[in-house]
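Report on the following structure.
The values are calculated or read from the model by the stated rules, or taken from the named source; none is laboratory data. Bear in mind the structure is a predicted one, so any value in this text is a computation, not a measurement. For neighbour counting, all protein chains shown are included, and Cβ atoms are generated from backbone atoms with ideal geometry for every residue, glycine included. With ligands, DNA and RNA removed, areas are computed over all heavy atoms of the protein, side chains included. Shrake-Rupley method; radii C 1.70, N 1.55, O 1.52, S 1.80 Å.
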Amino acid sequence: MKTKTIEHKVLIRATPKEIYNALMNEKKHSQFTGAPAKIAAKVGGFFTCYDKYLNGITLDLKPGKRIVQAWRSQGWPHAHYSIVTFALSKKSGGKTELHFTQIGVPADDYADKNKGWRTHYWEPLKKFLEK
């Protein structure tokens, strides 16, 4: 199976800790996405988002700095996971750069996932945190 890599850089007017918490706290995650999420916020912890459309396992956590997850979407080939990394770095003016990569996205789902991160994550996350 052919795979592709998604890479985004997003500037958000919030602290790295606020972004990390929004991504890893299931209540906050559900608030900003508007969809159910279950997140065991620990290395080896399982997560589901968007009513189990997305699921995976957290591989590495550095609070306020980095999240690494094995991540998969409904409809992907059996047992296929991509690796997602959210890297957070503080910038001037109370902003944080979120450098996102997703390695191993099935090529036939690349366009939808690439757009989905923008519309279902970055835009609502910015609205949620930049109030």
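Can you find, within the stretch 82-96, the residue that is most open to solvent (accessible area, probe 1.4 Å) among those that are within 14 Å of the chain's Cα centre (by Cα) and either on the phi > 0 side of the Ramachandran plot or not hydrophobic (A, V, I, L, M, F, W, C) (or both)?
By that ranking, first place goes to 85.
Output the residues belonging to the stretch 5-29 that are touching a helix residue (DSSP H, G or I) at 6+ places or on another chain (Cβ under 8 Å) and of a type outside the set (Val, Ile, Thr).
8, 13, 14, 18, 21, 22, 23, 28, 29
Which of the residues spanning the stretch 16-44 are assigned to a loop (DSSP other than H, G, I, E, B) and either closer than 16 Å to residue 123 by Cα or in contact with a Leu (Cβ under 9 Å, 6 or more places away or on another chain) (or both)?
Within the stretch 16-44, 34, 35, 41, 42, 43, 44 meet the criteria.
Checking the structure you have, find out if any residue of the stretch 53-75 is surrounded by 17 or more Cβ atoms within 10 Å (Cβ to Cβ) and under 22 Å from residue 131 (Cβ atoms).
Checking the stretch 53-75: not a single residue is surrounded by 17 or more Cβ atoms within 10 Å (Cβ to Cβ) and under 22 Å from residue 131 (Cβ atoms).
Return only the number of the condition from (1) out of contact with any Leu (no Cβ under 9 Å at 6 or more places or on another chain); (2) at pLDDT 95 or above that residue 52 does not satisfy.
The failed condition is (2).
Kindly list the number of the only condition in (1) under 21 Å from residue 5 (Cα atoms); (2) among the hydrophobic types (A, V, I, L, M, F, W, C); (3) free of Cβ contacts under 8 Å to residues at least 24 places away in the same chain; (4) touching an Asp or Glu at 6+ places or on another chain (Cβ under 8 Å) that fails for residue 70.
Just one mismatch for residue 70, condition (4).
Going through 8, 29 one at a time, which residue ends up being under 12 Å from the mean Cα position of the chain (by Cα), surrounded by 14 or more Cβ atoms within 10 Å (Cβ to Cβ) and touching a residue at least 60 places away in the same chain (Cβ under 8 Å)?
Selected residue: 8, the only one of 8, 29 that is under 12 Å from the mean Cα position of the chain (by Cα), surrounded by 14 or more Cβ atoms within 10 Å (Cβ to Cβ) and touching a residue at least 60 places away in the same chain (Cβ under 8 Å).
Looking at the stretch 32-49 only, could you name the residues that are crowded, with 18+ Cβ neighbours inside 10 Å and among the aromatic types (Phe, Trp, Tyr)?
Across the stretch 32-49, the qualifying residues are 32, 47.
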